[in-house]
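Have a look at the structure below, then the notes.
We did not get these values from a lab; they are worked out from the coordinates using the rules stated. Every value quoted in this text rests on a predicted model; they were computed, and no experiment measured them. Backbone-built Cβ (ideal geometry, glycine too); neighbour counts: all protein chains shown.
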Amino acid sequence: MQSATATADTTATPIYDESLPKGRVADSIACKDGSQDFALYLPVHYSPAQAYPCIYFFDPHGHGGLPLRMYKELAEQYGFVLVGSNASKNGMQWQVTNNAAQALMADTKSRINIDPKRVYAAGFSGGSRVASSVALMDGGIAGVIGCGAGFPNGGASATSRFDYFGMVGDQDFNLIEMRQLDSTLEQNNFDHELIVFSGKHAWAPVADFHTALLWMQVHAIKEHLQPKGDALVAALKSDYEKRLAAATTANDLVKVNGLLYSMIQTLGGLTDVAPEQKRLADLAAGNAFKKAAYTQYILQQNELQQQQQFAKHFTALDDKWWTKKTAQLEHDADGGKTPDELISRRLLNYLGLVSYMSSNHAIQENDMPNAELYLKVFRMADPQNPDQCYLTAQYYIKKGDSMQAVASLKEAAVLGFSDVSQLLSDPAFAGLQSDAGYQEVVKKVRANAVK
């Protein structure tokens, strides 16, 4: 299905860069001032004679090409330009990140015919906070697609307004945060949506990002930013109906309520939503929904309390306590289907986050005894996380064991570690440059980066 998202540019045509590649992801295109580089996807039929909507992507590890490869077919289908920042990474100061984002947008707008009314930002994890920060500070962003994390602190009360589509996995430790943000956005008069997909803390699956892109375009139609498109409205309505059917089958009344409300808010005035209005009223009047909403609230409060206890007492508890606790959570998470099982899985993933931060800090402070303990907990909580292996390699380097360090780096690469620049610039591994095993790791990490 095609939508007429590209519009004729009736103003004097600037001189755009016609040498940029089309129909493929270019991983590294330098900004004209040399300050940074970015990944780019231009649709096959991109023409500088037309203005195109554009999404700027922010990945927490600076892998600009990663989301572009995931979503390029959607860009092709709907005629979007995709730009991925390679400069924005977790750990940078907000002002530095925003300055880099502004420079990136200025550079690309001077070289690509981007519709100034249809500029969007998208991000995952820390990159999601960057995308929201750019929208809050820039004021020229039509919408944000935030995955796995919300706004910077206090952002939802800002005066800037933009459409916001949130996505989060049902095993993501930030699920509660995303639900709380969704409620705050409602109170602060944002046009917003939140969908929960099946998965962990990661970029959303293509099918769910497709939903977000349909939603953004339908809102652009309502806001007269792009031409009316009945096919887009019908496609979004069909998507809502499929999600409603699944939630109804699962007897998830809270999700049914949220979907009905969103359908009415988003599609009202564009298509008939009278049946949904009646169903929503009937649901709200019944005791079953009220009971389900209260149960979810209690479960959420208990989960939040356990997260806070993990963070507060993490460094005070020994490995025997954490061994028992992680085993209990793993047992309780088995199956990963029921609300209680998913809560246990999210708590394990949250423990992995706390372990990561504590391990990293201990290694940087040369606190080797505690680093060893925290890394052990990290491995128990999240054994498939490549960051655990990477930090273990740093730990072994500081212990003077280069052989074990290389072995840990190899394990990180097997698990999918893909941050080439971090690996090559990490001073901890400067002494391994001539090591054959290390060079094998670099090769594998490079391959991971372009998957």
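Run the simple label-point estimate for M92 and Q364 please: 7 Å along Cα→C-beta, distance reported in nm.
Placing both labels 7 Å beyond Cα along the Cβ direction yields 1.7 nm.
Determine the percent antiparallel among the DSSP beta bridges restricted to the chain, to the nearest 5.
Beta bridges within the chain, antiparallel portion: roughly 25 percent.
Take peptides 15-21, 87-93, 417-423 and line them up by average Cβ neighbours within 10 Å, highest first, as a rough protection proxy.
417-423, 87-93, 15-21
Of the peptides 129-135, 251-257, 274-280, how do they stack up when ordered by the mean number of other Cβ atoms within 10 Å, highest first?
129-135, 251-257, 274-280
With each run of n ≥ 4 DSSP H residues scored as -39500 (n - 2.57), what mean residue ellipticity at 222 nm is computed for the chain after dividing by its residue count and rounding to the nearest 500 deg cm²/dmol?
Only helices count here, giving -18500 deg cm²/dmol.
Name the helices (complete DSSP H segments) of the chain with a Cα length along the long axis of 27 Å or more and a Kyte-Doolittle mean of at least -0.5, or state none.
Passing helices, by number: 230-249, 339-364.
Please name which of S355, A246, F429 has its Cα lying farthest along the dipole of the chain towards the positive end, using unit charges on Cβ (Lys, Arg +1; Asp, Glu -1) and the Cα centre as origin.
Going by the charge dipole, the pick is A246.
To two decimal places, what compactness ratio does the stretch 178-268 give when its Cα radius of gyration is scaled by 2.2 N^0.38 Å?
Relative to the 2.2 N^0.38 Å estimate, the stretch 178-268 comes out at 1.10.
Extending each Cα 7 Å along its Cβ direction at A284 and K398, get the distance between those two points in nm, one decimal.
5.5
For the stretch 7-228, taking Cα atoms only, what is the radius of gyration to one decimal and the Dmax to the nearest whole Å?
Considering the stretch 7-228 through its Cα atoms, Rg and Dmax are 16.2, 50 Å.
Straight-line reach from K443: which aspartates and glutamates have a Cα under 12 Å away, not including same-chain ones fewer than 8 places off?
D419
Can you work out the PRE-style zone for N251? Point 7 Å along Cα to Cβ, and I want the residues of the stretch 265-306 with backbone N under 16 Å.
Under cut-off, by backbone N: 287-296.
At a Förster radius of 51 Å, what calculated FRET efficiency corresponds to the Cβ-Cβ distance of K228 and H313, to the nearest 0.05?
The formula returns an efficiency of 0.35 here.
Between Q301 and R446, take the C-beta separation as r, use R0 = 45 Å, and let me know the FRET efficiency to the nearest 0.05.
0.50
Sorting check: for 357-368, 191-202, which peptide has the highest mean count of neighbouring beta carbons within 10 Å, and how do the rest follow?
The peptides rank, most packed first, as 191-202, 357-368.
Setting aside same-chain residues fewer than 8 positions from K228, which lysines have a Cα under 22 Å from its Cα?
Counting by Cα, and skipping residues close in sequence, K228 has these lysines nearby: K117, K237.
Could you name the lysines whose alpha carbon sits less than 20 Å from that of K32, not counting residues in the same chain fewer than 8 places away?
Candidates past the 8-residue exclusion: K22, K109.
Multiply the residue gap between K117 and T323 by 0.36 nm, knock off their C-alpha separation, and tell me the result in nm, one decimal place.
Stretched out fully, the K117 to T323 stretch lengthens by 68.8 nm.
Please express the shape of the stretch 384-451 as an equivalent ellipsoid: the semi-axes are the square roots of 5 times the eigenvalues of the C-alpha gyration tensor, given largest first in whole angstrom.
17, 13, 10
Find how many whole Å separate the alpha carbon centroid of the stretch 293-351 from the alpha carbon centroid of the stretch 122-151.
Value for the Cα centre distance between the two parts: 28 Å.
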